[in-house]
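Please read the structure below before turning to the comments.
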Amino acid sequence: MGQAVAGVRFERAGRVYFVEAQGLQLRVGDLVLVEVEGTTRVGRVVIAPAQVVATELAGPQGRVLGKVQ
């Protein structure tokens, strides 16, 4: 898995989904549009790609489609 991965949460205390960052410069707190589990949702980055230890992940659970302004 050479792709940068970010941790995104869709609810304040919800599960963290690890998603492909798609080359975007993501920071903690950014709102992003994410394709996950067959749907498109808006979530907040809670773990920046630089903070993710990719060797501990089985693989990304979705992908970022873009930042939300």
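Taken residue by residue, the stretch 31-51 has at least one member that is among the hydroxyl-bearing types (Ser, Thr, Tyr), more than 14 Å from Arg9 (Cβ to Cβ) and in contact with a strand residue (DSSP E or B) (Cβ under 7 Å, 6 or more places away or on another chain).
Suppose we filter the stretch 1-13 for residues that are surrounded by 14 or more Cβ atoms within 10 Å (Cβ to Cβ) and either in contact with a strand residue (DSSP E or B) (Cβ under 7 Å, 6 or more places away or on another chain) or not aliphatic (A, V, I, L, M) (or both); how many remain?
Step one: filter the stretch 1-13 for residues surrounded by 14 or more Cβ atoms within 10 Å (Cβ to Cβ), giving 3-10.
Then drop every residue that is not either in contact with a strand residue (DSSP E or B) (Cβ under 7 Å, 6 or more places away or on another chain) or not aliphatic (A, V, I, L, M) (or both), which leaves 3, 5-10.
Total meeting the criteria: 7.
The residues on offer are Val46, Val36, Val52, Val16, and the sole one that is in contact (Cβ under 8 Å) with a residue 40 or more places away in the chain and open to solvent by less than 80 Å² (accessible area, probe 1.4 Å) is Val52. Of the set (1) under 12 Å from the mean Cα position of the chain (by Cα); (2) open to solvent by 70 Å² or more (accessible area, probe 1.4 Å); (3) more than 13 Å from Ala4 (Cα to Cα), all apply to Gln22 but (3).
The values are calculated or read from the model by the stated rules, or taken from the named source; none is laboratory data. This structure is a prediction, so every number in the text was calculated from the model and none was measured. Note: ideal-geometry Cβ built from the backbone for every residue, glycine included; neighbour counts use all protein chains shown. Just the protein is used for accessible areas: all its heavy atoms, side chains included, with ligands, DNA and RNA removed. Shrake-Rupley method; radii C 1.70, N 1.55, O 1.52, S 1.80 Å.
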